[in-house]
Amino acid sequence: MHGRWLIPFLSRLITLSGVVLLVGLLPWLSGRDPALSILRARAGEQNPTQEALDAIRMQLGLDLGPVEKLSTWVTGLLHGDAGNSWISGAPVLPGMLQATQVSLTLMLAALLVAVVTAVLICLPTMRRGLAGNPTSTSGAVGATLTALPEFLLASLLLVVFAAWLKWFPPYGWGEPRHLVLPALALGLPGGGLIGRLFSDALTVAFSERWLATWHVAGFERRRIVLAVLQRTLPSLMPQVGLVVIGLTGGAIAVEQVFSIPGLGRATLGAASAQDLPALQAGILILLLIAVVLGAAINLGRSALLGPALRTGAIPVAAHARHAGRGRWVVPVGAVVILAVIILAGLGRDPMASAYLRLQPPSLALPLGADGTGRDILARVSHGALSTMGMALVTVFITFVIGVLIGLMPRLAAGPIEITNATPPVIAGLIVAGVMGPSASGAVIAVTAVTWAPLAAHTAALVTEVMGQAHIRITPILGVGSFRLLIRYLIPSVIGPVFRHAMLRLPGTALALASLGFLGLGPRPPAPEWGLLLSESMPYLERAPWAVLLPALALVLMSVLAVSLSSMWRRTE
C-alpha cells in the first residue's frame, strides 16, 4: 500500500535532485571559465587579467569546486537564501519570486484562453456524439492552432493589434490591457492541442456500448454529457496538466516579445549570462510548480475514476467510426500545397544574394526576397528537408522513449513532471553550452524534454487498462507479465500514443524552429525554417511575405500530420 505513493514520491525527489545537480554543474560541464563570463558581463569588453579572474573566483567561492559550491548553495537555500547574483550582486530569490507572480498571472489568463478554445473545438464532436454519429474529424482547426509558434503569433498580434490598429499597448505590464495579447499568443496553441485531444477522446467515448444502453434507458442529455466527460477526463488530465505546466515554461518567447518581466524571461536571461544562482533559483521554482500541479492532476484523476479503478469496472474503449470520403480533403489539400511550394523552389538557389533587400514578390521572384536579398521561395523549399527531417527523427525517438517510460507509471511520475517543466529553450541552452549550437544539439535538446507528454499519455492508458475487469483476472488465468505486456498493454497504447505523437509533430518542429530562432540550432546561412523566421522577424511590418511562407509551411505540415494520424485506427 505504501508503495503506491512512496515510489512516485521517490521518483519525483530523485529526478528533481538530478536536475538541480545538472544545473549546478553546468559551468563546469561546459568547459568554460565562469569567472571570464562574469568579468565580461560586469566590465564589457575589458581584457581579463589573471588577478581579476582570481579575485572573482575567490569572491564567488568558485575556488571551492563544483561539489562544495553546490553544497553551500543547498545549505543556504534551506535557510531561505538562494544566493546573490553573479552579475549584479543582489539576492536572487526576491526578484525570482516577483517574476513568478507575473508568470502565474499570465499563465492563468492563457489557461482561460486555452479552455475557451478547447471548448469551441469540442462542441461539434459533442453534438455529433449526442446525435448518435460519433465520427472523427480531420482536426484541421486544432492542428492549425497547435502549429502557430508562440514567437510568431506574438509578433503578429503585436504588429496587427498594437502597431497597426493601436487597440492594445505593445509593451509593458501592470494593467489588464497589457495581458490580452500575451494571453492570446500563449493560450491559443495550448487550447488547440487540448481541444484536439479531447475531440478524439470524446469520439471514442461516444462509441462505447454503455452509452447505447443509457440512450435506451432514457437518460437526460445533461447526464449523458456529464458521464462522457467523466469517462474522458481521467485519461487526458495528465495531458491537460502538462499543457498547464508548459504554459509557464513556454512563456519565454511571449515574455520576450512583449517585454514582460516574468519567470521565463528572467531564467533565460540568467542562463544566457551564466548567472548560476539566478538560473538555479528560476529552474527550481519551475520544477516546484510542476510537482505541485502534477500532484493536483493525479489527485483529480483518481477522484474522477473513483470506485471504477479499484473494482475493475472501467469500460473497454471502443473505436470510433470514420467520416466518409470527405476526410481526405484536408490532408490531400495540404499535400498538394506543400508539394507545390517545395517543388517550385528546388531548382532555385537558396544561398545567393542576387536580389534587392526585401524585394517584393514578382513573376521572377514569386515570394520576394529576404533581408539579404536571397530568394525566399528557394530557402523555404530547400529548408523543408531539414526542418521536416529533424522533426520526424525527433518525434520517432520521443515516441519510443515515451512508450517505454510510460509503461512504468509510478516510476515515471517524477521524470515526466520534471522534464515537462523544463522548456526546450533551457534544454537548448544546456546542450549548446556543452556542445555548441548545432542541428544535432537542437534535436538532442528537444528530444530531452518532449518525450514527457507521450509518456504521461502512455502511463494514463496503462493505468486504465490495468483497471479493466478482463485484465485484472489475467493472473488467475495464468497469463504472465510478459504476455500481458505484449498481448494487451502495448496494443492498447500504441495507436492512441502514435496519434498523439503525430499531433506533437508540429510542436516539435516549432520547438526546433524556436531554437534556430534564438541561435541555438542550425547556424546561418542554413535554410532552416526557424532561422528563416528569425531573420525575417525584424521586417514583419515592412515585408510580411518573408515571414508568412515559413509559417504557412509549418501550419500545412501540422494539418497533414494530424489529419493522417486521425485516420489510422486499430481494428479488432
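All of the numbers you see were taken from the coordinates with simple rules; none came from a lab. Remember, predicted model here, so these are calculated numbers, not experimental data. Virtual Cβ from ideal backbone geometry, glycine too; neighbours counted across all protein chains shown.
Once the C-beta distance of E220 and V116 is scaled by a Förster radius of 30 Å, the resulting FRET efficiency is 0.75 to the nearest 0.05. Backbone geometry of the range 188-193 corresponds, through the Karplus equation with coefficients 6.51, -1.76 and 1.60 at θ = phi - 60°, to 3J(HN,Hα) couplings of 5, x, x, x, x, 5 Hz, x marking Gly and Pro. The stretch between Q230 and Y171 holds 17.1 nm of extra length on full extension. This uses 0.36 nm per residue minus the Cα-Cα distance. Full extension of the segment from L299 to L392, taken as 0.36 nm per residue of separation minus the current Cα-Cα distance, would add 30.0 nm. With the highest mean first, a sort of the peptides 495-505, 192-202 on other beta-carbon atoms found within 10 angstrom per residue produces 192-202, 495-505. Stretched out fully, how many nm does the piece from L123 to Q59 gain, at 0.36 nm a residue minus the Cα gap? In short, 17.0 nm is gained. Between S438 and S362, the distance separating the two model label sites (each 7 Å from Cα on the Cα→Cβ line) works out to 4.2 nm.
Inter-label distance, H79 to A52: 3.2 nm, where each label sits 7 Å from its Cα along the C-beta direction.
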